[in-house]
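Shown next, in structure tokens, is the structure this report addresses.
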Amino acid sequence: MRRFAFIIMMTVLLLGLPQQARAQSGIEVTDVGVFDDFGQHVTFQARIQSSIQIVSATLVFKDNFDEIARRFPLEVGADGVVTYRYDVVQNVLRPFVTITFWFDVTLLDGQTVRSPNYHVQYLDDRFVWQQQTDDMLRVHWYEGDEVFGDALLDVARRSLNAVNTFIPAPAAAPVDVYVYASAADLQNALFLGGEEWQGGHANPKLGVVMVAITPGPGQSIEMETLIPHELAHVMLYRGVGDGYAALPVWLSEGIASLVELYPNPDYAQALTLASQNSSLLSIADLCDSFPPDASRAYLAYAESQSFVRFLRDTYGTPALFSLTSAYADGLNCDQGVVRTLGTSLANLDARWREAELGANVLGVFLRNMFPYLALFGLLLLIPVIGFLQRRPEDDGTS
């Protein structure tokens, strides 16, 4: 479905009066609009006029993730109308980014004039979205009645309160929660936006959460699992800023799993079986990424949730947030816990296994420390070998 979206009135008000803009810049830009066909193309249109002949015009735009603006030459019609169709198939845009764009115009007298900035959000307009809002949240859905929307907003509010006990994030713009009616719809939206398939998705920089929840008997469990998990990622980003990308995966996913209003009842069984089979993953191996295969990734989520709960119960919630700040400052996976908690990650791993899973702490510790012990032994062995090799020669000269 194609939607014609004019730039919102607030933007126009911020730009000032048209006569003032024309007098100051030498150009007048009117009839600014954007056509978007989600996942296919975005078409920009405007009318540019000037009392001096226009030699050339360029569309310039960038979204929330662009460091360098994209530039596209335009043909100016006799009536001043310019149009440019941006191919989203070849150059994907993430769902729900905000596009900032303007026009650079070169006049016959040699001057180059820049128009005011305009803003539009790249929406998934394949669906007719309904919306419920409060001061910190906007929930959007397209299938289900108003009662369904009320339930979404209620869960989102409770989720935000749960997250705030871990992450004292500063007040900011509301978080947008987009609820797709099926996993297939969500998967398609992520695919068209160049993202990988996931059960839920958070874009912390945009303040956007995308989840799949089907209205019906199982909706409460899905709401109370997916919404708080993804909201946690957004609020973590707001709490530590761009340092969010440096957080160990076990920490960010552990916090997100821990704040779920409906805890996964199968995590405990997965941990017990892995402990009995000696197949637990090292926490150090979960610093940069989770395993690609589904079963081990599931175990990684279970371990992360349990490990973060152990840290919270042992050191307290403030220490947990101090830990996130240490990682956001650039410390590596082991340095963060050493500075914040005064011990190594390997030692914490062993203590967690003993406290939560009844594991043999000495055996776990020795297994985690084996590479370091082996290296230390090798360093000791080298001088001993040297001494033994020199001893016959020494005996012959005595």
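The values are calculated or read from the model by the stated rules, or taken from the named source; none is laboratory data. Please read all numbers here as calculations on a predicted model, not as lab measurements. Cβ sites come from the backbone with ideal geometry, for glycine too, and all protein chains shown count toward neighbours.
The residue that is modelled with the highest pLDDT, counting only those in region 180-200 that are in contact with a helix residue (DSSP H, G or I) (Cβ under 6 Å, 6 or more places away or on another chain) and crowded, with 18+ Cβ neighbours inside 10 Å, is Tyr180.
Where strands (runs of 3 or more DSSP E) fall entirely within region 92-206, those with at least 3 residues that are out of contact with any Cys (no Cβ under 8 Å at 6 or more places or on another chain), of a type outside the set (Ser, Thr, Tyr) and free of Cβ contacts under 8 Å to residues at least 40 places away in the same chain are at 130-133, 200-203.
Look through region 168-177, keep the residues that are surrounded by fewer than 22 Cβ atoms within 10 Å (Cβ to Cβ) and closer than 26 Å to Pro95 by Cα, and return whichever of them is modelled with the highest pLDDT. Write out each step before concluding.
So the first thing to find is which residues in region 168-177 are surrounded by fewer than 22 Cβ atoms within 10 Å (Cβ to Cβ), and the list is 168-174, 176.
Add one more test, that the residue is closer than 26 Å to Pro95 by Cα, and what stays is 169-174, 176.
Working: Ala169: 74, Pro170: 73, Ala171: 69, Ala172: 78, Ala173: 87, Pro174: 92, Asp176: 97.
That would be Asp176.
Restricting the search to strands (runs of 3 or more DSSP E) fully inside region 1-89 and requiring at least 1 residues that are modelled with pLDDT of 95 or more gives 28-37, 41-49, 54-62, 70-74, 81-87. Scanning region 135-158 for residues that are modelled with pLDDT of 95 or more and within 26 Å of Ser322 (Cβ to Cβ) yields a count of 1. Here Ile227, Ile213 are screened, and the one residue that is crowded, with 20+ Cβ neighbours inside 10 Å, in contact (Cβ under 8 Å) with a residue 12 or more places away in the chain and within 30 Å of Ala319 (Cβ to Cβ) is Ile227.
One line per residue, one yes/no per condition, for (1) assigned by TED's automatic domain parsing to the domain that holds Gly316; (2) free of Cβ contacts under 8 Å to residues at least 24 places away in the same chain:
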{"residue": "Leu236", "(1), (2)": "no, no"}
{"residue": "Leu251", "(1), (2)": "yes, no"}
{"residue": "Gly254", "(1), (2)": "yes, no"}
{"residue": "Pro265", "(1), (2)": "yes, yes"}
{"residue": "Asp285", "(1), (2)": "yes, yes"}
{"residue": "Asp288", "(1), (2)": "yes, no"}
{"residue": "Tyr298", "(1), (2)": "yes, no"}
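Within region 115-122, can one find any residue that is within 30 Å of Thr58 (Cα to Cα) and among the hydrophobic types (A, V, I, L, M, F, W, C)?
Taking region 115-122 and keeping what is within 30 Å of Thr58 (Cα to Cα), we get 115-122.
Still in the running and among the hydrophobic types (A, V, I, L, M, F, W, C): 120.
Checked against the condition, which is being within 30 Å of Thr58 (Cα to Cα) and among the hydrophobic types (A, V, I, L, M, F, W, C), region 115-122 yields at least one hit.
One line per residue, one yes/no per condition, for (1) part of a helix (DSSP H, G or I); (2) touching a strand residue (DSSP E or B) at 6+ places or on another chain (Cβ under 7 Å); (3) under 16 Å from His233 (Cβ atoms):
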residue: Gly254; (1), (2), (3): yes, no, yes
residue: Ser257; (1), (2), (3): yes, no, yes
residue: Asn264; (1), (2), (3): no, no, no
residue: Ser275; (1), (2), (3): yes, no, no
residue: Leu280; (1), (2), (3): no, no, no
residue: Asp288; (1), (2), (3): no, no, no
residue: Tyr298; (1), (2), (3): yes, no, no
residue: Arg312; (1), (2), (3): yes, no, no
residue: Ala319; (1), (2), (3): yes, no, no
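Among residues of region 46-57 being crowded, with 17+ Cβ neighbours inside 10 Å and touching a Ser or Thr at 6+ places or on another chain (Cβ under 8 Å), the one that is nearest to Val29 (Cα to Cα) is Ile48. Residues of region 90-132 that are under 22 Å from the mean Cα position of the chain (by Cα) and either of a type in the set (Val, Ile, Thr) or under 17 Å from Arg47 (Cβ atoms) (or both): Val92, Val97, Thr98, Ile99, Thr100, Val120. Of the residues making up region 87-126, just one is crowded, with 21+ Cβ neighbours inside 10 Å and polar (S, T, N, Q), namely Ser115. Apart from one condition, Phe65 fits all of (1) within 29 Å of Asn188 (Cβ to Cβ); (2) touching a strand residue (DSSP E or B) at 6+ places or on another chain (Cβ under 9 Å); the exception is (2).
Only residues that are surrounded by fewer than 17 Cβ atoms within 10 Å (Cβ to Cβ), in contact with a helix residue (DSSP H, G or I) (Cβ under 6 Å, 6 or more places away or on another chain) and over 16 Å from Pro168 (Cβ atoms) were counted across region 316-329, and they come to 0.
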